[in-house]
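Encoded as structure tokens, the structure appears first; notes follow it.
The values are calculated or read from the model by the stated rules, or taken from the named source; none is laboratory data. No experiment lies behind these values; they were computed from the predicted model shown. Reconstructed Cβ throughout: ideal geometry from the backbone, glycine too, with neighbour counts over all protein chains shown. We work out accessible area using only protein heavy atoms, side chains counted, and drop any ligands, DNA or RNA first. Shrake-Rupley method; radii C 1.70, N 1.55, O 1.52, S 1.80 Å.
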Amino acid sequence: MSDLRVRFAPSPTGYLHIGGARTALFNYLLAKQQQGTFVLRIEDTDVERSTQESVDAILDAMDWLGLACDEGPIYQSDRFDLYRQKVQQLIDEGKAYRCYCTSEELDAKREAAMKEGRKPKYDGTCRDRSDQPDAPYVVRFKLPTDRDETTFDDRIKGPITFKHDELDDLIIQRTDGTPTYNLVVVIDDAEMGINLVIRGDDHVNNTPRQVLLYEALGYAVPEFAHVPMILGADKKRLSKRHGATSVMAYQEMGFLPEAMVNYLVRLGWSFGDEEIFSMADLIEKFSLENVGRAAGVFNPEKLLWLNSHYVKTGDAERLAKLLVPFLEAKGLNVNDGPDMVAVVKTLQERAGTMVEMADGAAFYFTDVIEYEEKAKAKFLTADKKDLFATLVAELEKCEVFNEAALEAAFAVIMEKTELKFGKIAQPLRVALTGGTASPSIYHVLEVLGKDVALQRIKAAVTALA
RNA sequence: GUCCCUAUCGUCUAGCCUGGCCCAGGACACCGCCCUUUCACGGCGGCGACGGGGGUUCGAAUCCCCCUGGGGACGCCA
């Protein structure tokens, strides 16, 4: 057990998105690798926007990805007393003060500053006032003046320095008495003993303020590792308009969690020329040193490729279980079809996602085959009558439907009909599956079984044009 | 606008710290060929990048500077 303590701290204002999942994953991997502790904290200080529904969605997604936490979830909304106490401490020590400026005034000043090309910062109006008007107030943290810059050494980006005149007195407590993000994140990370903060790039600018807060509160400053953002194909920050950004949306689209994990980790991290990593590999091989510093573009195509890899190589029993809901979503009755594992095995190398697999498996579970228009027109023609008759006659003779028996039967059929294999297989495929693309014809026959197969061939004869 | 970060094929990246092994390697996508009962899988091959300009050096993708591009932050959101 090492003393590494990391955390993932999402705010429950929506689903777990791709970017969040990746930072959660990085945290998880490092914790497991160093036998440290992975804490999950729910940042719900914004009472207005936080919902239990979002918390559940985030928990579900982490569960799906296999990112179990060691501690938590801890809710910040349960800890308001602690935060108030710390705010009071800062006020008592003269490190924070009440500010009576209204948000309207602040907005106006900010806008004016922007317009003049100045950095929009708080002008310190209330910083030195000694009166205590009977009016709503926020509490601001007094920017320390004992030095004029703050530096931290980012584990991914290296040393980063901010001049204090870029900073201002930030609000740590709102008018309604609730604490703000920059304060609580510091208190919680410190109180929870977090010694390495791995989070999104977008927090770099908050970090110097937080360092100052750690110092003001007498806490040890943790290490930081800021991971780059994920962008869409247009190099803009990844958002809904680029497609699905919710992790669980990918589950619904038929992606496997191991593919998502593999994809996410490779976006911005590499290990030589290797592409395929299991969670166990990652726990062994992941390191912050190999995380890139630049933002990366989310590439659904590569995710798909990884997914087909995992579908192809995955355990059929497991995939069979996963496939059921996708089949049911198509309104298919999975109870009176062929053996599900056998079905999966015929489809593994031809399906990119579980949705595709369900599409490809549909014919196994339908009583009445609906023929594709073109397929029917091309292959279910009147001249196929003899062929199908021979097919029925010879297949009837097979005692078992296995590859060896079927091959023997087809040898006879080819001889009797004087047709090449392809000329027989395609019409038969249409009869059996309704279309021209399917798993190997022997496998289809075998999985369907003698009774169903013959029944379908006979039905096709009736449908001959 | 100001500040912070960043920059190798279309995309993810190796290489950069410790200059020469790199007229830059792998993967996805794309194209072609092969395999083949369909669709796929697979195999083989191809296309394709060091953003620009200055330095330093015998020699730079690798070190330094400038420019440009991209991202982020600037909230009583997190």
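Given the condition in contact with a strand residue (DSSP E or B) (Cβ under 7 Å, 6 or more places away or on another chain), at pLDDT 90 or above, within 13 Å of RNA strand B (Cβ to nearest atom) and among the β-branched types (V, I, T), answer yes or no: does some residue in the stretch A:128-145 qualify? Yes: one or more hits. Listed conditions (1) within 13 Å of RNA strand B (Cβ to nearest atom); (2) modelled with pLDDT of 95 or more are all met by A:Q85, apart from (1). Checking the stated criteria, A:E104 turns out to be modelled with pLDDT under 95, assigned to a helix (DSSP H, G or I), of a type in the set (D, E) and open to solvent by 40 Å² or more (accessible area, probe 1.4 Å). Condition check for A:I230 on (1) among the β-branched types (V, I, T); (2) out of contact with any Gly (no Cβ under 6 Å at 6 or more places or on another chain); (3) under 28 Å from A:T13 (Cα atoms): one failure, at (2).
Out of all the residues in the stretch A:284-299, is one or more of a type in the set (G, A, S), more than 6 Å from RNA strand B (Cβ to nearest atom) and part of a helix (DSSP H, G or I)? For the stretch A:284-299, residues of a type in the set (G, A, S), more than 6 Å from RNA strand B (Cβ to nearest atom) and part of a helix (DSSP H, G or I): absent. When the stretch A:243-267 is filtered for residues that are assigned to a loop (DSSP other than H, G, I, E, B) and either open to solvent by 30 Å² or more (accessible area, probe 1.4 Å) or closer than 23 Å to A:K330 by Cα (or both), the ones remaining, listed by number, are A:G243, A:A244, A:M253, A:G254, A:F255, A:L256.
Is one or more of the residues making up the stretch A:11-29 more than 16 Å from RNA strand B (Cβ to nearest atom), touching a residue at least 12 places away in the same chain (Cβ under 8 Å) and either open to solvent by 10 Å² or more (accessible area, probe 1.4 Å) or in a helix (DSSP H, G or I) (or both)? The answer is yes, given that some residue of the stretch A:11-29 is more than 16 Å from RNA strand B (Cβ to nearest atom), touching a residue at least 12 places away in the same chain (Cβ under 8 Å) and either open to solvent by 10 Å² or more (accessible area, probe 1.4 Å) or in a helix (DSSP H, G or I) (or both). Is it the case that the stretch A:36-49 has a residue that's under 29 Å from A:M279 (Cβ atoms), in a loop (DSSP other than H, G, I, E, B) and more than 16 Å from RNA strand B (Cβ to nearest atom)? For the stretch A:36-49, residues under 29 Å from A:M279 (Cβ atoms), in a loop (DSSP other than H, G, I, E, B) and more than 16 Å from RNA strand B (Cβ to nearest atom): present. Against the criterion of being without any contact (Cβ under 8 Å) to a residue 40 or more places away in the chain and of a type in the set (G, A, S), A:A135 qualifies. Scanning the stretch A:399-420 for residues that are touching a helix residue (DSSP H, G or I) at 6+ places or on another chain (Cβ under 9 Å) and open to solvent by 70 Å² or more (accessible area, probe 1.4 Å) yields A:E399, A:V400, A:E403, A:E407, A:K416, A:K420. Looking across the stretch A:336-366 at every residue that is over 23 Å from A:L406 (Cβ atoms) and outside any helix (DSSP H, G or I), the one that is most open to solvent (accessible area, probe 1.4 Å) is identified as A:D336. Just for the stretch A:173-198: of the residues that are surrounded by 20 or more Cβ atoms within 10 Å (Cβ to Cβ) and near RNA strand B (Cβ under 9 Å from one of its atoms), which one is nearest to A:A21 (Cα to Cα)? Among those residues, the one meeting the criterion is A:V185.
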